[in-house]
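Below is one structure, written out as structure tokens; comments come after it.
The values are calculated or read from the model by the stated rules, or taken from the named source; none is laboratory data. Computed from a predicted model, the values in this text were never measured in an experiment. Here Cβ is always computed from backbone atoms with ideal geometry, including for glycine, and neighbour counts include all displayed protein chains. Side chains included, ligands, DNA and RNA excluded: accessible areas come from the protein's heavy atoms. Shrake-Rupley method; radii C 1.70, N 1.55, O 1.52, S 1.80 Å.
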Amino acid sequence: MSEQKYLDILSKLTLDEKLSLLSGKTYWLTQEIDRLGVPSVWMSDGPHGMRKEKQTGGTNIMQESETSTCFPTAVTTASSWDTDLLEQVGATIADEAKALKVTTVLGPGVNIKRSPLCGRNFEYISEDPFLTARLGAAYVHGVQKNGIGVSLKHYCANNEEHIRMSIDSVVDDRALREIYLSAFEHIVKTEQPTTVMCSYNRIYGTYLSDSKKMLTDILRDEWGFKGIVVSDWGAVNDRVEGIKAGLDLEMPGNKGMNNKYIKKALDEGRITIEDVDKLVYRMIKFAFECKANEGEGYDIDFAAHHELAKKAAAQSAVLLKNEGALPLKDYQSVAVIGALADKLRYQGAGSSHINAWKTVSFKKAMENKGQAFTYAPGYTLKGDGYSKKLIAEACEAAKGKEAVLVFIGLTDAFESEGFDRKHMDMPASHAVLVEELSKVNDNIIVVLSCGSPITIGDWEKKTKAILNMYLPGQAGGEAAYDLIYGKTNPSGKLAETFPLSNDDNLVSAYFPMGPRTVEYRESIYVGYRYFDKAGKAVKYPFGHGLSYTSFEYSDLKLSKNEITEGDTLTLSFKVKNTGTVAGAEVAQVYVVNPESKIYKAEKELKGFKKVFLEAKEEKTVEITLDEKAFSFYNVLISDWHAESGSYGLLVGSSSKDIRLEGAVSVNTAKPDAPVPDYSESAPCYYNMESTTFVTDDEFRAVLGREIPDNSEFVKGNLTINSSVSQVAVSPFGKALCKILCNGAKVVALTAENPDMITESIKDMPLRSFSGFTGGLLSPTTVEGILDLCNGTKGGFKKLISGFRK
Ligand code: BGC
């Protein structure tokens with residue numbers, strides 16, 4: 001349909017019809033305008049499969065969903081470092097969306113893993129912006145080439161779950177651009193996602209849903225975004241500000257609760273009808289374009305999709321350690337220990353939770369293959385899972401076996417959307433189990449299930465191999481079988497660092513934070529950028545992953561020795577499989593920054609390629625870098641800037657296993673551009689080895705503004721954005737918090753992950769009461785509640801009058 005047709009429709013809409021298009025009809029549907037043929041379209045989570053509610057009205061987030069294929073979660077597929085695989089998974093998810101009549105998949109999540117403790121890390125790709133950008137783009141490409149839209153989320157700087165609906169992320173502009181916006185920028189520019197989802201939090205003190213700077217100036221004007229911006233579910237703060245900012249669609253639907261405020265703002269001239277029309281036009285276009293792709297007659301080929309889920313899991317698992325214990329031979333006697341071998345933990349909890357077509361645990365996969373083994377659970381899946389009896393039984397089962405496979409890791413209660421992890425440890429019984437088993441058998445092979453790094457303590461010394469399956473999707477058990485028995489050669493590489501302990505990381509001092517702000521004092525030093533600069537040892541470095549074969553690198557050649565403005569540089573080198581089995585290697589290219597006035601990471605990932613090689617086969621690998629690979633974000637010129645100088649080039653098998661080295665001279669424009677120098681105002685950033693904290697002065701210097709207030713809430717200064725747990729500082733708030741938390745506990749009784757429900761309620765700001773009750777509690781009622789919490793006169797009257805309205 002043409003632009004003119006959309007404009008015609010726009011010209012015929014009444015104001016009420018226009019406003020109705022700017023918020024959802026239900027939890028998942030957009031509003032239709034029948035008389036003009038504007039269709040209603042369905043959006044569903046994402047990202048690792050379809051979660052489409054069964055109930056056709058789409059009214060409640062907790063509904064059971066339709067059956068679909070549960071692919072491995074993002075942390076897992078990210079470890080494949082395989083753009084083709086990500087594209088294939090995306091395309092297959094799009095096929096399922098079509099069959100389910102969903103037109104937009106709510107994903108991928110490209111938030112950076114700032115801390116290993118973020119509860120939602122399993123849904124995110126990496127600690128590195130380059131890897132996140134490339135893999136995220138491949139997924140988006142796959143979904144969109146099959147005619148289904150995506151929602152690139154959560155835009156942006158939404159890196160902790162704690163008080164996620166109101167926290168203000170205080171990030172310096174350079175770190176924001178280089179670390180947190182980079183993947184969004186790349187994917188918007190290269191793939192033009194149909195929608196971008198604005199996150200719950202604030203940035204520069206402003207809610208993303210109200211931020212013209214983020215939603216229009218950067219996203220549209222600078223990057224050229226053409227799609228619609230949808231709010232995360234319940235993320236709207238002030239709908240009128242949102243209209244000015246360019247927030248097209250408020251979700252979920254709340255019966256047009258905010259329309260009266262928009263009308264008032266129009267009457268008062270705070271916004272114009274042109275402001276509204278801009279958004280309405282985009283919504284009309286979006287609805288027609290989605291509908292045109294809805295397609296008829298799609299059936300899900302579940303068996304084929306299951307095979308792809310298995311392939312994805314097998315190509316993503318990371319062999320962390322192997323002293324020759326793996327692969328196992330079919331004839332070896334084996335004990336399989338650990339409840340996680342029987343009850344596969346294959347995905348995380350929260351909005352991405354899939355109703356999987358089928359699941360195959362490792363135990364089931366062994367049975368299906370007719371492989372003899374002895375099984376013992378070793379722990380329970382509740383709490384710390386400790387049971388003396390189960391450990392004793394496990395030891396008994398392990399005695400005399402040629403190999404003991406121990407399945408341990410994080411159970412559901414340990415990580416989820418809605419809350420952050422408190423520490424990096426597994427349930428206590430899991431480490432004890434390994435220790436005890438090692439006393440009766442010295443061939444201990446650990447298989448991990450987790451959505452983010454765990455502490456790998458002394459128990460590691462008692463193991464011969466560790467295979468990290470992460471959260472491998474519905475076919476995870478079969479994939480583990482194939483890897484363990486050598487039917488597939490492991491080829492995954494960590495897309496994140498496994499630190500020795502969480503405290504080792506500078507960010508641990510600033511994560512999570514609250515009650516009002518979270519300060520990103522570490523600036524650009526996230527993940528390996530920090531550990532490299534601080535010269536600290538880690539347990540397993542970024543990019544690490546072993547194979548059953550070995551690879552040799554040789555013959556690095558550069559297409560040029562010097563690059564100037566607009567040039568690209570191609571590195572070519574040979575990778576040879578020197579072993580006796582076929583395998584795949586992920587060749588990684590890091591750029592080493594020269595000395596500069598501004599602090600920089602030692603090295604940064606700027607290219608990678610996964611290469612499949614038969615035994616003894618050799619291939620030439622080519623990786624091309626553009627000027628951006630040598631650039632930092634220069635806040636003094638508000639642009640990317642490649643400083644002239646000699647840059648090192650490292651080609652390696654991990655960030656710590658560098659095999660080839662080269663250098664290139666960069667001679668680009670902007671030689672006179674000023675470069676920020678913080679060596680006196682913020683020396684800690686130049687000398688991370690001795691930095692254990694960042695002083696206020698130093699942070700203020702790189703922030704370039706005052707550090708926002710982060711004082712505790714007290715009765716009297718509570719705001720509409722104070723959370724349920726924060727209002728408990730007043731007697732009324734305390735009672736309210738108690739009632740709501742007890743109510744949440746009751747709802748949680750039947751939930752997969754009770755903590756997610758209870759923690760989400762505690763963190764919910766008062767302003768969300770209206771939206772989440774579908775307007776049942778009017779904004780006036782909520783203001784009344786706030787007044788009662790603050791002890792302000794007239795609160796009760798307001799509360800009641802709100803009900804009457
Ligand atoms: C999550 C989003 C999700 C949405 C809809 C929100 O709570 O943050 O990632 O897409 O719910 O389920």
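Can you find a residue that is among the β-branched types (Val, Ile, Thr), in contact (Cβ under 8 Å) with a residue 60 or more places away in the chain and touching a Phe, Trp or Tyr at 6+ places or on another chain (Cβ under 7 Å) anywhere in the stretch 260-267? Talk me through it step by step, then tell me what you get.
Residues of the stretch 260-267 that are among the β-branched types (Val, Ile, Thr), as a first pass: 262.
Filter again for in contact (Cβ under 8 Å) with a residue 60 or more places away in the chain, leaving 262.
Then keep just the ones that are touching a Phe, Trp or Tyr at 6+ places or on another chain (Cβ under 7 Å); that gives none.
So far as the stretch 260-267 goes, no, none of its residues is among the β-branched types (Val, Ile, Thr), in contact (Cβ under 8 Å) with a residue 60 or more places away in the chain and touching a Phe, Trp or Tyr at 6+ places or on another chain (Cβ under 7 Å).
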### Query
Taking the stretch 759-782 as the search range and keeping residues that are more than 13 Å from GLY234 (Cβ to Cβ) and under 26 Å from the mean Cα position of the chain (by Cα), which one is most open to solvent (accessible area, probe 1.4 Å)?
LYS762
## Note on the structure
Across (1) part of a strand (DSSP E or B); (2) open to solvent by 30 Å² or more (accessible area, probe 1.4 Å), SER508 clears everything bar (1)
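Could you tell me which of the residues HIS430, HIS423 is touching a residue at least 12 places away in the same chain (Cβ under 8 Å), open to solvent by less than 10 Å² (accessible area, probe 1.4 Å), away from the ligand (no atom under 16 Å from the Cβ) and not hydrophobic (A, V, I, L, M, F, W, C)?
On the way: HIS423 fails: open to solvent by less than 10 Å² (accessible area, probe 1.4 Å).
Result: HIS430 is the single residue among HIS430, HIS423 that is touching a residue at least 12 places away in the same chain (Cβ under 8 Å), open to solvent by less than 10 Å² (accessible area, probe 1.4 Å), away from the ligand (no atom under 16 Å from the Cβ) and not hydrophobic (A, V, I, L, M, F, W, C).
Whether any residue in the stretch 747-758 is modelled with pLDDT of 90 or more, over 28 Å from LYS260 (Cβ atoms) and either open to solvent by 70 Å² or more (accessible area, probe 1.4 Å) or part of a helix (DSSP H, G or I) (or both) is what I want to check. It would help to see each step written out before you state the result.
Step one: filter the stretch 747-758 for residues modelled with pLDDT of 90 or more, giving none.
No; the residues of the stretch 747-758 include none that is modelled with pLDDT of 90 or more, over 28 Å from LYS260 (Cβ atoms) and either open to solvent by 70 Å² or more (accessible area, probe 1.4 Å) or part of a helix (DSSP H, G or I) (or both).
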### Matching option when the condition is touching a strand residue (DSSP E or B) at 6+ places or on another chain (Cβ under 7 Å) and either open to solvent by 50 Å² or more (accessible area, probe 1.4 Å) or acidic (Asp, Glu) (or both), among GLU415, GLU323
GLU323
### Query
Is there a residue being of a type in the set (D, E, K, R), in contact with a strand residue (DSSP E or B) (Cβ under 9 Å, 6 or more places away or on another chain) and surrounded by 23 or more Cβ atoms within 10 Å (Cβ to Cβ) anywhere in the stretch 478-495?
yes
### Message
Can you report the number of residues in the stretch 657-679 which are surrounded by 15 or more Cβ atoms within 10 Å (Cβ to Cβ), assigned to a loop (DSSP other than H, G, I, E, B) and charged (D, E, K, R)?
### Response
1
### Message
Anything in the stretch 304-343 that is within 15 Å of GLU478 (Cα to Cα) and part of a strand (DSSP E or B)? List them, or say none.
### Response
VAL336
### Query
Is it the case that the stretch 625-640 has a residue that's more than 25 Å from the chain's Cα centre (by Cα), within 25 Å of SER79 (Cα to Cα) and at pLDDT 95 or above?
yes
### Query
Considering only residues of the stretch 51-108 that are acidic (Asp, Glu) and in a loop (DSSP other than H, G, I, E, B), which is modelled with the lowest pLDDT?
GLU64
### Query
Between a first residue in the stretch 177-199 that is over 14 Å from VAL105 (Cβ atoms) and a second residue that is outside any loop (DSSP other than H, G, I, E, B) and acidic (Asp, Glu), which pairs have beta carbons less than 9 Å apart while being 6 or more apart in sequence or on different chains?
ARG177/GLU185; GLU178/GLU604; GLU185/GLU222
### Query
In the stretch 783-805, which residues are assigned to a loop (DSSP other than H, G, I, E, B) and open to solvent by 50 Å² or more (accessible area, probe 1.4 Å)?
GLY791, THR792, LYS793, LYS805
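Among the strands (runs of 3 or more DSSP E) confined wholly to the stretch 126-238, which include 3 or more residues that are open to solvent by less than 10 Å² (accessible area, probe 1.4 Å) and within 16 Å of the ligand (Cβ to nearest atom)?
So the answer is 149-155, 195-198, 228-231.
Can you confirm whether the stretch 353-361 contains a residue that is under 32 Å from the mean Cα position of the chain (by Cα) and closer than 26 Å to LYS422 by Cβ?
Yes, some residue in the stretch 353-361 is under 32 Å from the mean Cα position of the chain (by Cα) and closer than 26 Å to LYS422 by Cβ.
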### Message
If GLU307 meets every condition in (1) modelled with pLDDT of 95 or more; (2) of a type outside the set (Val, Ile, Thr); (3) more than 27 Å from VAL143 (Cα to Cα); (4) surrounded by fewer than 17 Cβ atoms within 10 Å (Cβ to Cβ) apart from one, which number is that one?
### Response
(3)
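Is there a residue being free of Cβ contacts under 8 Å to residues at least 40 places away in the same chain, open to solvent by 20 Å² or more (accessible area, probe 1.4 Å) and away from the ligand (no atom under 16 Å from the Cβ) anywhere in the stretch 346-363?
Narrowing the stretch 346-363 to residues free of Cβ contacts under 8 Å to residues at least 40 places away in the same chain: none.
Looking for residues that are free of Cβ contacts under 8 Å to residues at least 40 places away in the same chain, open to solvent by 20 Å² or more (accessible area, probe 1.4 Å) and away from the ligand (no atom under 16 Å from the Cβ), one finds none in the stretch 346-363, hence no.
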### Message
Any residue at all in the stretch 532-548 that's of a type in the set (Phe, Trp, Tyr), over 23 Å from THR77 (Cα atoms) and touching a strand residue (DSSP E or B) at 6+ places or on another chain (Cβ under 8 Å)?
### Response
no
### Residue count for the stretch 1-55, restricted to those that are out of contact with any strand residue (DSSP E or B) (no Cβ under 8 Å at 6 or more places or on another chain) and either among the aliphatic types (A, V, I, L, M) or away from the ligand (no atom under 16 Å from the Cβ) (or both)
23
### Message
I'd like to know if the stretch 680-695 contains one or more residues that are surrounded by 13 or more Cβ atoms within 10 Å (Cβ to Cβ) and touching a Leu at 6+ places or on another chain (Cβ under 6 Å).
### Response
no
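If the requirement is being at pLDDT below 95 and touching a helix residue (DSSP H, G or I) at 6+ places or on another chain (Cβ under 7 Å), which of these qualifies: GLY246, GLY234? Break it down stepwise before answering.
Values: GLY246 fails: at pLDDT below 95.
The conditions single out GLY234.
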### Query
Which members of the stretch 628-642 meet the condition of being outside any strand (DSSP E or B) and open to solvent by 40 Å² or more (accessible area, probe 1.4 Å)?
LYS628, VAL635, LEU636, ILE637, SER638
